[in-house]
Every structure is written in C-alpha cells, then in structure tokens.
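Have a look at the structure below before the remarks.
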Amino acid sequence: MFKKVLEDYSRDGYAIIPNFFSDQEISELKSECARIVDEFDPKGHRTTNDAVDTKNMILDDYTMSSVDKIHFFFENDVFDSNGNLKVKKSQALNKIAHALHWWSPVFKKFTFSDRVKSLVREAEFVDPKIIQGTYIFKNPRIGGEFFPHQDATYLYTKPEIKVMGLWFALDDANEENGCLSFIPGSHRDGLKKRWYRNPKNSNNMLNEGESPEEWLDEKNYVPATVKKGSCVLIHGLVVHKSGPNKSDKPRGIYAIHLYDQNGCEWSKENMLQPTARLPFQSLY
Ligand code: FE2
C-alpha cells in the first residue's frame, strides 16, 4: 500500500503521503487541541527558553517530567513583566508534549488507528514503541524556526538507529509558514551530534559533536511543501529544519516518534525516559 512512499523514504530519509487522513479527522484533532488548551491555566507557566538554563543546559522539572504527561510549552516573549500573556493563550503556545497520544482519547484513537499501524508495519518496524506524541502550533508571526538537526540526536537507540517520526499536517505547510525542509539522503551519513544526560545530574543535558558545515548551506535543503491531511515520514538520521511562520495563519501539526524495540535498545541517556506511570506503549 505504501511501497512507493517507502522507496522514497529509504532513498531520501523522508517521504510524503498526501491525503493520509481526512478533513473530518483534522477537525476532530483541532477541536480536541482547542479543548485541551481551553482547560489549561497558563498562570505560573514558563516559556521554552525560561524552562532551560541555556548556558548550563539544565532543564527544569516541568520539562523533565513531561514525558508521561500533557504539558504546555510557550513561545518566547509572550509574557509581560507581570507574568501575564501578551497574546491569546492559543496563539502563544509553541507545543503540547509529550504524551498527547495516550491521555487524549482523540489523539489516542488517531495514533493507534489501523492506517498508522499498517504504515509502520510496512516500514518494517517489528516492535514499535511510541516515544512521544506532540502537537506543534507554529503560530502566525510568533512560531519560530527550528534549527537543523537529526532526531536521533535526542532520540538515540543502539546498536543501530531505528527511529521514525510521523508528522501529520493539520494545515497546509509551505515555505511561507514554516514547512519542514530536508537534506535528502543525509540519513546515510551517520549521527553527527548527541544530546545526553549528565550521569551526575539528570536535569543537565550534555552535547557531543558539531553541526557539519553542509547543514548551514541553504542550497542543500529541499522544502517539503504539503497539503493538510498529509503525513511526512522522517528518518531518525535525516537532517531537517523548519522556518518561522511569516504568514497570518497557524501551521499546526501532530507528530509521533517511534523506535523499534526489536533489535534496538532505548538509550538511558536520552532526556525522554519511560516511567512507571506511562511506559513507552507498543503501537501493536
Ligand atoms: Fe525533528
């Protein structure tokens, strides 16, 4: 069913499936997201930058403990000096992470749908575990860029990397509103950087490796312009990034990340760790 797509995926490290899900499903996912945001009280919350001591790369407990919960992360510069939001709550969020796939019945139903399962089966994942289910808002004017990276820097498995992201477009994504762009074939060049826990302080993340120069050269990238309802497959090793949203409409997406427990071990040094409350769930 996804033969051609999976050929693209193994050649380029990414692939696009148009019309993977319906307008009806898009509106269900968006309304569920709106409901979750509506119920959430932003008081006392912090921005993405505030949650991290960037100089020493120490993450706060809210971020560290978000793996098994629905937690909210704001864009930077959205609170005034009294801690009040300068723009509407729904316009100020960067993402909801990391366990939307489990605690929201609507996102859960979508994640564990037969279509998603057959895609992952065809991609030859024998025992796929769901690492995270996140909603990324990329709000108009405020949604920032995401620098070039490989997902396996953060989601590391050994002895090999068998990690895949499924990125579901809830809006059309193009160069104006910050679609993904990829360096095709870069998944064959190995992992360049790692981000791992300091064994002496688990809130402290350490970096190893450098971004190669070719990651900074715009002409190496191909934009993945997609229509809403598309699914983008992202190999754990492919280099990708996304631009800021310069349009006046949101560019919402839902994404899940998986690794294959068959033959791969999840690194205990990754920031995201399964918990007693929510072990990584099997997709099937
Ligand atoms: Fe990524």
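Filtering region 67-87 for residues that are touching a residue at least 12 places away in the same chain (Cβ under 8 Å) and either among the hydroxyl-bearing types (S, T, Y) or exposed (fewer than 11 other Cβ atoms within 10 Å of the Cβ) (or both) leaves an empty set. Does region 155-164 include one or more residues that are of a type outside the set (V, I, T), modelled with pLDDT under 95 and open to solvent by less than 10 Å² (accessible area, probe 1.4 Å)? So far as region 155-164 goes, no, none of its residues is of a type outside the set (V, I, T), modelled with pLDDT under 95 and open to solvent by less than 10 Å² (accessible area, probe 1.4 Å). Within this structure, L278 fails the test of being within 13 Å of the ligand (Cβ to nearest atom) and either assigned to a loop (DSSP other than H, G, I, E, B) or farther than 20 Å from L93 by Cβ (or both). Applying the set (1) surrounded by fewer than 14 Cβ atoms within 10 Å (Cβ to Cβ); (2) touching a helix residue (DSSP H, G or I) at 6+ places or on another chain (Cβ under 8 Å) to P128 leaves exactly one unmet item: (1). Scanning region 103-120 for residues that are among the aromatic types (F, W, Y) and either buried (at least 21 other Cβ atoms within 10 Å of the Cβ) or touching a helix residue (DSSP H, G or I) at 6+ places or on another chain (Cβ under 6 Å) (or both) turns up F107, F110.
None of F147, F137 is in contact (Cβ under 8 Å) with a residue 60 or more places away in the chain and either out of contact with any Asp or Glu (no Cβ under 9 Å at 6 or more places or on another chain) or farther than 25 Å from I36 by Cβ (or both) except F147. Checking each residue in region 177-201 for being among the polar types (S, T, N, Q) and either assigned to a loop (DSSP other than H, G, I, E, B) or under 19 Å from Q273 (Cβ atoms) (or both) picks out N177, N198, N201. With the condition kept exactly as written, say whether any residue in region 209-224 is closer than 30 Å to K117 by Cβ and crowded, with 17+ Cβ neighbours inside 10 Å. Within region 209-224, one or more residues are closer than 30 Å to K117 by Cβ and crowded, with 17+ Cβ neighbours inside 10 Å.
Residues considered: A123, A99, A92. Of these, the only one that is open to solvent by less than 30 Å² (accessible area, probe 1.4 Å) and farther than 22 Å from L180 by Cα is A99. Looking at G165, is it closer than 30 Å to Q24 by Cα, within 16 Å of the ligand (Cβ to nearest atom), touching a strand residue (DSSP E or B) at 6+ places or on another chain (Cβ under 6 Å) and not in a strand (DSSP E or B)? No. When the strands (runs of 3 or more DSSP E) confined to region 51-160 are screened for residues that are of a type in the set (A, V, I, L, M, F, W, C), those reaching at least 3 such residues are found at 70-74, 93-98, 128-136. Only a single criterion out of (1) modelled with pLDDT of 95 or more; (2) within 16 Å of the ligand (Cβ to nearest atom) is not satisfied by G143, namely (1).
Screening region 230-244 for residues that are part of a loop (DSSP other than H, G, I, E, B) and either among the hydroxyl-bearing types (S, T, Y) or over 20 Å from H257 (Cβ atoms) (or both) and picking the one that is nearest to the ligand (Cβ to nearest atom) gives G243. For region 239-272, a residue qualifies if it is of a type in the set (S, T, N, Q), open to solvent by 40 Å² or more (accessible area, probe 1.4 Å) and within 17 Å of the chain's Cα centre (by Cα), but none of them does. What single numbered condition from (1) more than 15 Å from the ligand (Cβ to nearest atom); (2) out of contact with any Lys or Arg (no Cβ under 8 Å at 6 or more places or on another chain); (3) under 20 Å from F72 (Cβ atoms) fails to hold for A123? Of everything listed in (1) more than 15 Å from the ligand (Cβ to nearest atom); (2) out of contact with any Lys or Arg (no Cβ under 8 Å at 6 or more places or on another chain); (3) under 20 Å from F72 (Cβ atoms), A123 misses just condition (3). Only one of the numbered conditions (1) open to solvent by 20 Å² or more (accessible area, probe 1.4 Å); (2) more than 30 Å from S90 (Cα to Cα); (3) out of contact with any Phe, Trp or Tyr (no Cβ under 7 Å at 6 or more places or on another chain); (4) of a type outside the set (D, E, K, R) is violated by L206, and that is (3).
The values are calculated or read from the model by the stated rules, or taken from the named source; none is laboratory data. Note that the coordinates shown come from a computational prediction; the quantities given were computed from them, not determined experimentally. Because the Cβ atoms are built from the backbone with ideal geometry, glycine has one as well, and the counts that use them run over all protein chains shown. Side chains included, ligands, DNA and RNA excluded: accessible areas come from the protein's heavy atoms. Shrake-Rupley method; radii C 1.70, N 1.55, O 1.52, S 1.80 Å.
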